[in-house]
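The structure appears below as structure tokens.
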Amino acid sequence: MTLYIVGFGGGSHEGMTIEAENAILSSDIIVGYTVYADLMKEIFPEKEFFSTPMMQERERVRYALEKACECTVSLICSGDSTVYGMAGLAYQMSDGYPQVKIVPVAGVTAALSGNAVLGAPLTHDFAVISLSDLLTPYEKIECRLRCASEADFTIVLYNPSSKKRSDYLKKACEIMLQYKNEDTVCGYVRNIGRKEEESRILTLGELKDCCVDMFTTVFVGNSQTRIINGKMVTPRGYRDV
């Protein structure tokens, strides 16, 4: 049987790919994190859902694999299924389920959908870094921030803050300020593609003192990023423009 690992984008029906919608429609049961399951219930109310809270990813994947031995299952993720998604863990845990065919279904990750909301900050080279240290040592996160900043990448920050990590964005900004000017153009988008979506363009100096949450994606420009017609834009280097 088939286990689809579906990235559904930001959470709106309009932001979902046709492939993602078709995978969910063809599945007998939808498995996901509680918040994401609730979002999909609004779009697919006729479907059967199974959800688990945060920090129960392994239980969720195991359940999806077991059910996929009997029927077609979609394991859902926000954004893309392979970018900070559940596809990797599903493959890691699939050894005991040789009869299950795993099919990742791409979705629009927050770096891309948030990029469109702000303007075009990712027109040139960029790096994506998660500030969550649940699975990555904080020392390694710091190293990645330093390297990306020194190389003058535009940087996208996932998981910039939480109740337990309320000062992580400030710490990240302090690291980046060692290599970037405080007037570097930045932006953030919260609840991308959802009814509560909000965005703001500001400087790196201002960003350091901002309060954000886990549903926020942060964009830090490179040395060429600027504001054009109220939008955050990183030129690619066309010499005649």
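The values are calculated or read from the model by the stated rules, or taken from the named source; none is laboratory data. On a predicted model such as this, the values are computed, not experimentally measured, just so you know. Neighbour counts are summed over all protein chains in view; Cβ atoms, including those assigned to glycine, are modelled from backbone coordinates with ideal geometry. These area figures cover heavy atoms from the full protein model, side chains too; ligands, DNA and RNA do not enter into them. Shrake-Rupley method; radii C 1.70, N 1.55, O 1.52, S 1.80 Å.
Quick one: angle between helix 138-150 and the longest Cα principal axis of the chain, in degrees between 0 and 90, rounded to 10, please.
The angle comes out at about 50 degrees.
Going by alpha carbons, how many degrees (0 to 90, nearest 10) lie between the helix axis of 57-68 and the longest principal axis of the chain?
In the chain, helix 57-68 runs at an angle near 40 degrees to the longest axis.
Just the number, please: Stokes-Einstein D of the range 134-185 in µm²/s, Kirkwood Rh from C-alpha pairs, 10 °C, 1.306 mPa s.
Rounded to a whole number, D works out at 137 µm²/s.
Pick out, from 154, 218, 177, the residue whose Cα sits farthest towards the positive end of the charge dipole of the chain, with +1 on the Cβ of Lys and Arg and -1 on the Cβ of Asp and Glu.
Checked the options; the winner is 177.
For every helix of n ≥ 4 consecutive DSSP H residues, a contribution of -39,500 (n - 2.57) applies; sum these over the chain, divide by its total residues, and give [θ] at 222 nm rounded to the nearest 500 deg cm²/dmol. Display every interim value, and only then the final one.
Numbers: 8 runs with 71 residues, N = 241.
So the helix-based figure for the chain works out to -8500 deg cm²/dmol.
Counting only heavy atoms of the protein chains, get the accessible area per residue of the chain (1.4 Å probe) and round it to a whole Å² value.
51 Å²
So how much accessible area does residue 94 have, in Å² to the nearest 10, using a 1.4 Å probe?
30 Å²
In Å, what Kirkwood hydrodynamic radius results for the range 99-241 from the alpha-carbon pair distances?
Result for the range 99-241, one decimal place: 15.6 Å.
Tell me, what HN-Hα J-couplings in whole Hz come from the Karplus equation 6.51 cos²θ - 1.76 cosθ + 1.60 at θ = phi - 60° for each residue of the range 203-220, using x for Gly and Pro?
Computed from phi, the couplings for the range 203-220 are 8, 5, x, 6, 4, 4, 9, 7, 9, 10, 9, 5, 9, 10, 10, 10, 10, 10 Hz.
For the range 111-124, just list the computed ³J(HN,Hα) in residue order, Karplus coefficients 6.51, -1.76 and 1.60, θ = phi - 60°, integers in Hz, with x standing in for Gly and Pro.
4, 7, 5, x, 4, 5, 5, 7, x, 7, x, 10, 5, 10
Can you give me the orientation-averaged projected area of the convex hull built on the Cα atoms of the chain, in nm²? Before the final figure, lay out each step's value.
Numbers: hull surface 55.3 nm².
Averaged projected area of the chain's Cα convex hull equals 13.8 nm².
Can you work out ³J(HN,Hα) from phi for every residue in the range 181-188, in order, using Karplus 6.51 cos²θ - 1.76 cosθ + 1.60 and θ = phi - 60°, giving whole Hz and x for Gly and Pro?
Rounded to whole hertz, the list is 5, 5, 8, 4, 6, 10, x, 8.
Rounded to a whole number, what % of the accessible area of the range 1-156 do carbon and sulfur atoms account for, probe 1.4 Å?
Values: 3880 of 7330 Å².
That fraction is 53 percent.
Under 12 Å from the Cβ of residue 76, count the other residues' Cβ atoms, weight Lys and Arg +1, Asp and Glu -1, and hand me the total.
Counting the neighbours of residue 76, the net charge comes to 0.
Work out Dmax and Rg for the range 183-241 from the C-alpha atoms and quote the Rg first, both in angstrom.
12.8, 40
List the residues whose amide H sits under 5 Å from the amide H of residue 184, counting only those 5 or more places along or on another chain, with H placed 1.01 Å from N in the peptide plane.
204, 205
Around residue 208, which amide H atoms from residues at least 5 apart in sequence, or from another chain, sit under 5 Å from its own amide H, with H modelled in the peptide plane?
For residue 208, no residues qualify.
Could you compute the FRET efficiency for residue 163 and residue 99, with r as their C-beta to C-beta distance and R0 at 30 Å, rounded to 0.05?
Values: r = 41 Å, r/R0 = 1.37.
So the FRET efficiency works out to roughly 0.15.
Looking only at the chain, where both bridge partners belong to it, what percent of the DSSP beta bridges are antiparallel (to the nearest 5)?
Given both bridge residues lie in the chain, the antiparallel proportion sits at roughly 40 percent.
Could you pull out every residue, at least 5 positions away or on a different chain, whose amide H is within less than 5 Å of the one on residue 31? Hs are placed 1.01 Å off N in the peptide plane, and Pro or chain starts have none.
50, 74, 75, 76
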